[in-house]
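So the structure is just underneath, and the comments pick up after that.
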């Protein structure tokens, strides 16, 4: 397990653009995208829309076409082009990383393949 926080050091820029290239560089099997206060990818902002639904799985293309807040669109496209899955989870959830590493479904999986096919490859 390699934990990295790729930040640019530039104001107004997120670490998202560096996550995909860093994951590719170290041949990571998956990117764990920790979010503050949200436990996955939703159909809308759950803080503003109580009817928003959390996806257990969504494809890169669906996330991009719906404009969902997974990560910066350039970073998400890089992950799609390099087939690097992303698990979006709540950074404040105790034990979340351990549960993910142990194979438990936590948060939302963003990938090109359904979770059943992907878990066999990880």
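Structure notes:
- Beta bridges by DSSP in the stretch 16-121, antiparallel share as percent, to the nearest 5: 40
- Our Cα-only numbers for the stretch 56-106 put the radius of gyration and Dmax at 12.1, 32 Å.
- Distance between the modelled labels on residue 66 and residue 53, one decimal in nanometres: 0.8 nm (7 Å Cα→Cβ projection).
- Calculated translational diffusion coefficient of the stretch 16-121 (25 °C, 0.890 mPa s; Stokes-Einstein with Kirkwood radius over alpha-carbon pairs) equals 177 µm²/s.
Just so you know, all these numbers are worked out from the coordinates, no wet-lab data involved. Predicted model only: the values in this text are computed from it and were never measured. Because the Cβ atoms are built from the backbone with ideal geometry, glycine has one as well, and the counts that use them run over all protein chains shown.
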